[in-house]
Amino acid sequence: YAASENSIVIRNLNYDGNGPAAYFWGGFNSDLDNNGEQLPDENGSMNVLKGYQNAEVHLRLPKKITDYKSIGIYCKKFAADFGNVKIPPGYELPREESLGRLNPRQHNTMASEVILKDSATVMLRQFDYMGNCPGSAYFVAAPTPNPQPEQLTRLTCDDGKMSKLERYDKKDVTAMLPTGRHWNEYRWFSVYCMDTKQSYADLSIDPSITEKLPLYDPSSSGHHSASGSMYDPLSALSTFGMSLVVLLAAVAFQR
């Protein structure tokens with residue numbers, strides 16, 4: 001999977017580890033050869049690769065994915081391409097996506113723009129909320145624009161806590177889905193008063209947009225539980241993964 005413009009996730013990686021000088025490799029030709037460069041492994045190490053069995057690895061690349069024509073495992077000693085995946089010309093890299101303006105429904109609650117930053121993170125620009133829900137209001141997401149209360153997923157706010165919303169006056173706010181959830185599960189985002197069961201402001205989520213997002217990386221944020229894995233969102237990414245079949249979807253590298 002393309003996790004971001006300069007990182008990838010390989011699922012179900014199999015390699016016996018017998019190459020005497022085998023490394024992850026970024027190729028500048030369609031097949032791996034000496035016209036390329038070594039890529040750090042999932043731990044940032046440049047050591048010879050060990051074996052992998054049905055492994056999931058996250059590689060951070062020194063360049064953008066599209067700066068390479070192929071990525072795989074290459075043995076420098078024998079100039080042997082152990083397996084690679086081609087990067088097609090014009091490949092569209094993951095990027096943040098704007099959902100547009102947050103539509104006010106109650107009490108002039110609004111935001112000038114709502115941006116999906118990655119597969120689990122949303123930013124609201126110039127968010128206005130008067131704090132006048134009689135009980136507790138939250139950022140929520142739902143799989144349908146007319147959800148039942150039990151279908152709502154609450155998001156955590158900037159402090160990483162699932163606290164009720166306080167008053168905001170044209171403030172930029174970041175919120176996150178729970179660990180293991182991904183925006184392609186949802187079709188609706190709202191500022192929602194749990195007591196009156198009313199949306200104070202909302203918008204629809206285009207599923208085609210959610211397929212283009214970078215993968216959320218918890219190493220860049222302390223908001224999610226330490227028990228969560230960065231790969232948790234992939235379990236909900238069947239559409240996302242299939243849309244990127246050209247790039248590292250369950251590739252088995254073999255000698």
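Coordinate-derived values only; no laboratory data. Being a predicted model, the structure only gives us computed values, none of them experimental. Cβ sites come from the backbone with ideal geometry, for glycine too, and all protein chains shown count toward neighbours.
Could you work out the equivalent-ellipsoid semi-axes for segment 97-210, taking the square root of 5 times each eigenvalue of the Cα gyration tensor, largest first, in whole Å?
On the way: eigenvalues 70, 48, 38 Å².
They are 19, 15, 14 Å, listed from largest to smallest.
Each label point was placed 7 Å from the Cα along the Cα-to-Cβ direction; for residue 174 and residue 101 their separation is 2.6 nm.
For the residue pairs 69/212; 117/171; 170/212; 164/212; 117/161; 64/171, the C-alpha atoms sit more than 26 angstrom apart in 170/212; 164/212; 64/171. Each of (1) -0.27, -0.53, -0.62, -1.20; (2) -0.30, -0.56, -0.65, -1.16; (3) -0.34, -0.62, -0.70, -1.22 is a candidate for log10 I(q)/I(0) by the Debye sum over Cα atoms at q = 0.07, 0.10, 0.11, 0.17 Å⁻¹; the one calculated from this structure is (2). Each residue, residue 45 and residue 108, gets one label point 7 Å from its Cα in the Cβ direction; the gap between the two is 6.0 nm. About its Cα centre, the chain has a charge dipole of approximately 60 debye under the convention of +1 per Lys or Arg Cβ and -1 per Asp or Glu Cβ, with nothing else charged. Remark: 144, 174 ranked as 144, 174, counting other beta-carbon atoms within 10 Å and listing the fewest first. Report, ordered by chain and residue number, the lysines lying within cross-link reach of residue 50, taken as a straight Cα distance under 22 Å and ignoring same-chain residues fewer than 8 apart. Output for residue 50: 76, 77.
Going toward the positive end of the dipole of segment 1-115, with +1 on Lys and Arg Cβ and -1 on Asp and Glu Cβ, which of 2, 65, 112 do you reach last? It is 112, whose Cα lies furthest towards the positive end.
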